[in-house]
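Have a look at the structure that comes next, please.
All of the numbers you see were taken from the coordinates with simple rules; none came from a lab. All figures in this text were calculated on a predicted structure; none of them were measured in a lab. No Cβ is skipped: glycine too gets one built from the backbone with ideal geometry, and neighbour counts run over all protein chains shown.
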Ligand code: CP
């Protein structure tokens, strides 16, 4: 039963609930008109204390496509946070107006705190470098659609694996399925955090690390590219030194399997050359569309209309 629940981290959902949400998203893709009124009278609030294009706008598009309404802010400077209001007071207030809240906040743990003060479901739309569970659902629906399911994949995570919350979230979520293997491709300074590898050890997931993308790209079913997260660096010199560590181009793609797919949560900076966009294996713009459909399914489930 998903009605009334919060979604703070990917594994708040069971494997069967992920199937239920992905299955509903697939039904919506096939016949969107049948779902165009199911959230009539419901309101989604998008509270974004950090910049976003895809997550905020896809949440809002999702609710509008379900026949519901949206309100919120895309910059905390335009909210009473700028006057010193606490997160708990903001959430107590907004949750008395709406049926579901999607919130992005730069502080790790902010979504969990929000859920403790809310009268309606809180969806974590990203909390600092921690989790981004609806990006994970987006990634999983894309993998299910393009690679046929969640088992038996060799997944290469490439780029900023230290600060990349989408990597932490997807690695955790996919660790519950059989026969997946991970290759973490990053500079030494941007390796995946120990709390993530500890979870993988506990789940019995096989993983290796690599510094050169060229040396492992031929082994991959899924290449998950990420940008170096400028906003999480303390020192600009370190960012400048590391920002172009990986640039996927057609030459590197020529070393990859014919059925590999390239995912990226976006935004992209330099890490995928635009020439790769025309490669049929480039799936990152399909991924953004799947993101809207999976958010439609999630909203409908959490507000309890389906
Ligand atoms: N993938 C993602 O979170 O993109 P935005 O930062 O644009 O929302």
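For the chain, with equal point scatterers placed on the C-alpha atoms only and solvent neglected, what are the log10 I(q)/I(0) values from the Debye formula at q = 0.15 1/Å, to two decimals?
Log10 I(q)/I(0), no solvent term: -1.20.
Pick from 73, 48, 163: which is most flexible by mean-square fluctuation in a GNM of the chain where alpha carbon atoms under 10 Å apart are linked?
In the Gaussian network model the winner is 73.
Oh, and also: Using 0.36 nm per residue, how much length does the chain from residue 176 to residue 279 gain when fully extended, once their Cα-Cα distance is taken away? Mind dumping the intermediate values first?
Details: separation 103, 0.36 × 103 = 37.08 nm, distance 3.04 nm.
Full extension from residue 176 to residue 279 adds 34.0 nm.
By how many degrees, between 0 and 90 and to the nearest 10, does the Cα long axis of helix 54-65 differ from the longest principal axis of the chain?
Approximately 50 degrees, to the nearest ten.
Right, next: Please build a GNM for the chain, connecting alpha carbons under 10 Å apart, and tell me which residue among 177, 246, 290 fluctuates the most.
Of 177, 246, 290, the most mobile in the Gaussian network model is 177.
Using the 10 angstrom Cβ neighbour count as an exposure proxy, how do 266, 47 rank, fewest first? If you can, show how the numbers build up before the last one.
Values: 266 20, 47 25.
Arranged by neighbour count, lowest to highest, 266, 47 become 266, 47.
Among bridges DSSP assigns within the chain, what percent are antiparallel (round to 5)?
Values: 0 of 34 bridges.
Restricted to the chain, the bridges split so that about 0 percent are antiparallel.
For residue 286 and residue 250, what does the FRET efficiency come to when R0 = 25 Å and r is the distance between their Cβ atoms, rounded to the nearest 0.05?
Details: r = 19 Å, r/R0 = 0.76.
Between residue 286 and residue 250 the formula returns 0.85.
For every helix of n ≥ 4 consecutive DSSP H residues, a contribution of -39,500 (n - 2.57) applies; sum these over the chain, divide by its total residues, and give [θ] at 222 nm rounded to the nearest 500 deg cm²/dmol. Please list the in-between numbers first.
Details: 10 runs with 110 residues, N = 306.
After summing the helix terms and dividing by residue count, I get -11000 deg cm²/dmol.
Can you give the FRET efficiency to the nearest 0.05 for residue 12 and residue 88, using r as the Cβ-Cβ distance and R₀ = 25 Å?
Numbers: r = 20 Å, r/R0 = 0.82.
Using R0 = 25 Å, I get an efficiency of 0.75.
I want to verify a result. In a Gaussian network model of the chain, Cα cutoff 10 Å, which of these has the top mean-square fluctuation: 204, 84, 128?
Of 204, 84, 128, the most mobile in the Gaussian network model is 84.
Enumerate the residues in segment 140-172 having an amide nitrogen under 15 Å from the point lying 7 Å beyond the Cα of residue 257 toward its Cβ.
It comes to 143-144, 146-157, nothing else.
Taking Cα pairs under 8 Å and at least six residues apart, what relative contact order does the chain come out at, in percent?
Numbers: 587 pairs, mean separation 64.7, N = 306.
It rounds to 21 percent for the chain.
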